[in-house]
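The values are calculated or read from the model by the stated rules, or taken from the named source; none is laboratory data. Quick caveat: nothing in here was measured; it's all calculated off a predicted structure. Cβ atoms come from the backbone with ideal geometry, glycine included; neighbour counts cover every protein chain shown.
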Amino acid sequence: MIQKTSHDRDDRAFPPALADVARTEFPYDDGDGIDFEPYDAFVTAEETTDWLRHWTRNHELDGEAYRLFGQDGTGGLAAVWFGRPGRPLADQPVVFMGSEGENGVVAGNLSDFLWVLADGCGPFEAVVFEDDRSRPHAALTALAERHATTPRRPARAVIAEARAEFPTFAEDIEALCR
């Protein structure tokens, strides 16, 4: 199990919106829900590096560019990725790296990630499925309405915008793998 701890540095401080997400129930009983288990803090830098090295089989990497904050039922991980150097954590994209090598950009920033969740789509679903159905989640919609600073949009629109901005993320990650 990956331990989660808070850190003193600003980019390791857990945002209030993600803390609220961590307190939200993610029912997945019928297989049509969101397969997401949020953490209540970012994974430590050391454990992030260990995980990234294991996931890529590349022991030269460090995990400094990632803040892991949740997983799906198979152990795939959701992370904030520092893909915009010099910008604050809330402005960084959210990505998913699955247990079977799946990977992709989920949202362009934390605010947009909240709208993806509100529309009934988790990080795993955003990367693995091409389902355009909207399945609004009342509690996550209320959470997004409280915290989001970007306009509400369907999950598929948010995901498409993020992928257009970071079109080589998946290939770049795959190039790191040994």
Checking GLY122 against (1) under 18 Å from GLU171 (Cα atoms); (2) surrounded by 19 or more Cβ atoms within 10 Å (Cβ to Cβ), which single condition isn't satisfied?
(1)
Kindly indicate the residue of segment 144-178 that is among the polar types (S, T, N, Q) and within 21 Å of PRO15 (Cβ to Cβ) and also surrounded by the fewest Cβ atoms within 10 Å (Cβ to Cβ) among those meeting that condition.
THR149
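Among the residues in segment 24-39, are any under 25 Å from ARG133 (Cβ atoms), surrounded by fewer than 17 Cβ atoms within 10 Å (Cβ to Cβ), at pLDDT 90 or above and under 15 Å from the mean Cα position of the chain (by Cα)? Working first, answer last.
Our first condition is that a residue be under 25 Å from ARG133 (Cβ atoms); within segment 24-39, this holds for 24-38.
Add one more test, that the residue is surrounded by fewer than 17 Cβ atoms within 10 Å (Cβ to Cβ), and what stays is 24-25, 27-33, 37.
Right, trim to at pLDDT 90 or above and you get 24, 37.
Narrowing further to those that are under 15 Å from the mean Cα position of the chain (by Cα): 37.
Within segment 24-39, one or more residues are under 25 Å from ARG133 (Cβ atoms), surrounded by fewer than 17 Cβ atoms within 10 Å (Cβ to Cβ), at pLDDT 90 or above and under 15 Å from the mean Cα position of the chain (by Cα).
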Note on segment 128-140: residues free of Cβ contacts under 8 Å to residues at least 60 places away in the same chain and either closer than 20 Å to ASP91 by Cα or among the charged types (D, E, K, R) (or both) are GLU130, ASP131, ASP132, ARG133
Filtering segment 104-117 down to residues that are closer than 16 Å to ASP35 by Cβ and either surrounded by fewer than 20 Cβ atoms within 10 Å (Cβ to Cβ) or touching a Ser or Thr at 6+ places or on another chain (Cβ under 7 Å) (or both) yields GLY104
Report every pair of residues separated by at least 6 positions or lying on different chains whose Cβ atoms are under 6 Å apart, first residue within segment 156-178 and at negative phi and modelled with pLDDT under 95, second among the polar types (S, T, N, Q) and assigned to a helix (DSSP H, G or I).
LEU176/THR56; CYS177/THR56
What helices (runs of 4 or more DSSP H) completely inside segment 88-178 contain at least 1 residues that are farther than 22 Å from ARG23 by Cα?
123-128, 155-165, 169-176
Filter segment 53-71 down to the residues that are under 19 Å from ASP35 (Cβ atoms) and modelled with pLDDT of 95 or more and list them by number.
LEU68, PHE69, GLY70, GLN71
Quick check on segment 72-100: of everything there that is touching a residue at least 60 places away in the same chain (Cβ under 8 Å) and small (Gly, Ala, Ser), which residue is surrounded by the most Cβ atoms within 10 Å (Cβ to Cβ)?
GLY83
